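One structure is given here, and the rest of the page talks about it.
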Amino acid sequence: MQRKDEADVTFGVLGPVEVRACGAPPAELPPSVRALLARLALAAGRVVSVDSLTDALWGEELPADSTNALQIRVSKLRRALVAAGIGGDVLVTRAPGYLLAVSTEAVDAHRFEHLVARARTAAGAGEVAAALDRFDEALELWRGPALADVGTAEWASAERTRLEELRLGAVEDRLELCLEAGRHAESVADLERLATDNPLRERLHRLLMLALYRSGRQAEALAAYQALRRHLADELGIDPSPELQALSEAILRQQVPPAPAAGTIPVDSAPVAGAPTGAVATNEPAAGRGGRLPQRLASVIGRHEDVTTALQRLRTARVVTLTGPGGVGKTTLALEIARGVDDTLADEVHLIRLAALEQGADVAEAVAAQLGIAASGPGAEAADAVFDHLARRRPLLVVDNCEHVIDDVAALIERLAESCPEVRVLATSREALAVPGEIQVAVGPLPTPDGTEDVATIAAAPAVRLFCERARAVRPSFTVDAETAPVVASICRQLDGMPLAIELAAARVKALSPADISARLRDRFSLLTAGPRTSEARHRTLRATLDWSYQLLTDAERRLLRRLAVFRGGWTLAAAEEVCAFAGIEPGEVLDLLFRLVDRSLVVPDPATGRFRLLVTVREYAWARLDEAGEVAECRDRHLEHFTRLADEHGSLTWSGTLAWARLTEEYDNLRAAVEHALVRAHDDAEPGLRLACALVWFWNYGIRYEGTRALTALLATGGGSTAARARALQGVGLLSVYYPTPESRAAARESLASFEELGDRHNAAISRLVVAWEGQYSGDADAYRAMIAQSRQELGDADGGGWHGMALYLEALLSLRLADFETSARQWRTCLDFIRTTDDYMIGNAILAHLGVALREAGQRDEALAVLVDSVEAARGLDSPHGLAFALIHLAHTRLDLGDGDGATGLLAEADEVARRARNPRCQAWAAWGRARIALAQGDATAAVDECRRALALLEEREFPWARVRLWSFLAECAEAAGLPDEAERARRTASTVDATVEP
């Protein structure tokens, strides 16, 4: 199915979330995908990381497997888009997450901002009529409150606030233009309503006062001013701005100046009502020209001089870097400076966030993506695209959090300054970029009281003002009085006036008194874990505070904290006791020490699972300390030993192992880290790595098979390990490739069989014999394989809790399916299913169910097959087996196509293709292409059908049953004939005959 041209697709967030294709009515969207679509639409054309999406969807209440849960949501959204007539490829998977591959013009919020920017440009040029048209066009995009149906998640609330502020600013600009055009009387009603809805917004009241006065309603204009004055006094304890006071006096004396001449309309120039002294009071000056700055959600205190200094430096230098320690507020200050930039400095402002980049990431590519530039490639090509885009522009780039990629940033900015003469850069970093012409502005802590001042003086200190404002955000009744002032002053002094630490301490006012907070400052790190989840602070910006926290720990606590850094993705108490208890820590001490670290907020517990984890910042800090202590090798060896025992315990095939495999899934990150360490050790001693990898074979088989193949192959390549261990590894290589065998995997399976027979290990020889029979499912002597299965079944008996007896039943049914004996195969799958129902192994049980659905469909029992495959898909969604889910989805899709339900199949094919691609499962990807070919031919697009058939055959190679390959080649012949390609049709028919000749009766 071809994707609709993206120009015909629109996404809406200015109201309920919606998507439309080609002017059609809004598509029906399941409630569960609306927040996901909104988050992606707001970042149209840019990648949104998996972490950002899971945080947006679930916040702190993440599901047990958030990555899998997100994949399910993405699949549902992709199906909804396809059902709406939009290609599934609009939603693209791209590391480290997903992106909506449309231009910003396809999203109403971005289109609104673009129209408002154009309107303001027209207004500045004196083109009042054109500006009003653009404002009207922009405001007509609103269908109700922004993001009306995505809930109250923190990101949604922040974005809703930002968009509403932009809307209100646009409304104000439009009304200002109306007054300039002399439309005073008709504007009064709108202004009265808006002033009532926004009683503290001074600009609206200024416009209302002017409109009333110029309409001959002087008394009402003065009454409007008095109403605002009362509101400000009652709500904020402040007076109207000097500008409004002057306007009131002018109205009283009937000395109001006339409307401004065309081209001099002040846009977004009124101060924010209630902005504290020291804050730069603007609504959103830069966002109207660049559209890239986030709305200020809290006032900026004590930085007026810093803003003024930086703006002066930007007038004399092309590159200005704000430097200072972590937590000092460099990002906040940079955004405030950018909001103060006017047209004499830059025509547009763009925020480039680098905090999420890993060390060694492609900085140029990240900058290009955030500028919305389509680069032809990473590295130099992305850099060239940035330079070409900016060469004839006058932007200010706010490049935030440079320290972890500083060399690449410095190189890019230096060349940018050389290539783009009108570009200015405002960077934030813990150290200077050291590029020619750079000027540094050191950002220091906020001034704190010295302890001798009276209450009024203490309350006026910037550090105290910051504490009080943030405290009122969580406890509105909080005040600084004779009792609290000295305590708050003490807190600010103890925190050295560092804004981040002060804000985090103030957040504790919700539950603690200032005296309690002051008393608990010995446990300082707890103050650094209560900030907003949307904070962009990088892990290293907190290093000084982490050092401070580390020094407050006892020697034993320090030992445990640094040793816990060896874990990935969390750990259990038992794991900590086994891995970390050595050289100064006894196993019996770990529990108490661990709880002490929890109390200090250095370790995060999950009471629901009994697991613990380190925040990334803490983990990286602790790892550095572990390295300094010379304990890395010891900890990694102990970690490897512990997780090898875990894999031995839970990794075998018992046919009651779903819960056991769930335990391994829970430890996936740790297992991967253990394998990595084993590979490093393998050149000296391969045996531990072979033991671990062999224990994980079945886990990999139902998960990411290529990881297992890669690890086993690397271990074998070292030439180390015992004969038995190497034979088990060869067996594992064969087993992991049974669905897409290669010459190497076939040779490995046979070599393992020979090795075990030579060793006299009948049990493992029987398993290898089954693997040989299994990988021969697509070709070879069926009778020979049937005999091998029977021999192994007899030798294995009820070993491993009957697991291998069940696997022999499974392979017998698989062999019948290969031979196109569908009724026999269906009967055997039912026998196999009856056996599995005596266990709790839902993983293999669902695989049997999906194969039963295939056999039933091919036997002509399509309705029954449909019901079985629907059950299989639903079961697969709850299991951590991408191969199982892809297989069930793909055959459900083809069954729906057999029943004439093309619409129902489209979304299933898209989801199956995505899951199969992630799992590197070419067989299911081939079936997905085949399904798309069937749909294309049904829709009359034979050329597209031929292309999809070719793709399917290229992916499939020999990785499928002969009867399926015959059918696919025959279908290609049908498509080629319809597409006017007789030669290709004839070749396809001949190939189908050749494959057909290999099918045994």
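Bear in mind that the values in this text are calculations on the coordinates, not laboratory data. Nothing here was measured: the structure is a model prediction, and the numbers come from that model. Reconstructed Cβ throughout: ideal geometry from the backbone, glycine too, with neighbour counts over all protein chains shown.
In plain terms, the bigger the Kirkwood radius, the slower the diffusion; for segment 638-797, with that radius from Cα pairs, at 10 °C and 1.306 mPa s, Stokes-Einstein puts D at 100 µm²/s. Relative to one another, the C-alpha centroids of segment 386-417 and segment 133-149 are positioned 34 Å apart. Extension gain for the segment Q226 to D65, taken as residue separation times 0.36 nm less the Cα-Cα distance, is 52.2 nm to one decimal. Sequence-distant contacts, meaning Cα pairs under 8 Å at least 6 residues apart, place the relative contact order of the chain at 6 percent. Under the simplified labelling scheme, the R827-A790 pair shows an inter-label distance of 1.6 nm, with each label point 7 Å from Cα along Cα→Cβ.
In degrees, nearest 10, range 0 to 90: what is the angle between the Cα axis of helix 218-236 and the longest Cα principal axis of the chain? Around 60 degrees separate the two axes. Of the two radii for segment 553-630, the radius of gyration is 0.92 times the Kirkwood radius, both from the alpha carbons; that is the Rg over Rh value. Could you tell me the center-to-center distance, by alpha carbons, between segment 316-376 and segment 850-897 in angstrom? What the calculation gives is 50 Å, centre to centre. Quarter the surface of the alpha carbon convex hull of the chain and you get the mean projected area, 46.0 square nanometres. Farthest toward the positive end of the dipole of the chain, out of V328, L597, G97, is the Cα of V328, where the dipole comes from beta carbon charges about the Cα centre. Placing pseudo-labels 7 Å out from each Cα toward the beta carbon at L899 and A27 gives an inter-label distance of 2.3 nm. Pairwise alpha-carbon distances in segment 53-191 exceed 24 Å for 48% of all pairs. Here the chain is treated with +1 on each Lys and Arg Cβ and -1 on each Asp and Glu Cβ, and its dipole about the Cα centre works out to around 740 debye. Considering only C-alpha atoms, what is the centroid distance from segment 716-736 to segment 762-795, in Å? Cα centres, segment 716-736 to segment 762-795: 19 Å. Let me know the longest stretch in the chain that avoids all GluC sites (Glu not before Pro) found in a DSSP loop with at most 15 other C-beta atoms within 10 Å. Excluding the exposed sites themselves, the longest stretch runs over 537-956. This model, with +1 at the C-beta of Lys and Arg and -1 at the C-beta of Asp and Glu, gives segment 712-842 a dipole about its Cα centre of some 120 debye. Charge dipole of segment 553-630 (Cα centre as origin; +1 on each Lys and Arg Cβ, -1 on each Asp and Glu Cβ, all else neutral): 280 debye, rounded to the nearest 20. From helices alone, the chain scores -19000 deg cm²/dmol at 222 nm; the rule is -39500 (n - 2.57) for each run of n ≥ 4 DSSP H residues, then divide by the residue total. Considering only Y785, S745, L679, and ranking their Cα positions along the charge dipole of segment 638-797 that arises from unit charges at the beta-carbon of Lys, Arg, Asp and Glu, the one farthest toward the positive end is Y785.
Between A130 and V598, what is 0.36 nm times their sequence separation minus the Cα-Cα distance? Round to one decimal in nm.
That works out to 162.4 nm of additional length.
Treating r as the C-beta distance of N198 and D627 and R0 as 41 Å, the FRET efficiency rounds to 0.15. The residue among A380, S419, G437 whose Cα reaches farthest toward the positive pole of the charge dipole of segment 287-442, with charges on the beta-carbon of Lys, Arg, Asp and Glu, is G437.
For V19, the residues whose modelled amide H falls within less than 5 Å of its own, excluding neighbours fewer than 5 places apart on the same chain, are G12, A27. Karplus-based coupling profile of segment 783-789, in residue order and whole Hz: 5, 4, 5, 4, 5, 5, 5, with θ = phi - 60° in 6.51 cos²θ - 1.76 cosθ + 1.60 and x standing for Gly or Pro. Measuring nothing but how far apart in sequence close Cα pairs (under 8 Å, 6+ apart) lie, relative to its length, segment 287-442 scores a relative contact order of 33 percent. The stretch between H304 and R472 holds 58.3 nm of extra length on full extension. This uses 0.36 nm per residue minus the Cα-Cα distance. Taking the convex hull of the alpha carbon positions in segment 851-975 and averaging its projected area over all directions gives 6.9 nm². A simple spin-label model places pseudo-atoms 7 Å from Cα toward Cβ; at E957 and A782 they are separated by 2.4 nm. Both radii come from the Cα set of segment 455-531: Rg as radius of gyration, Rh as Kirkwood radius; their ratio Rg/Rh reads 0.91. Taking all C-alpha pairs of segment 287-442, those more than 25 Å from each other amount to 21 percent.
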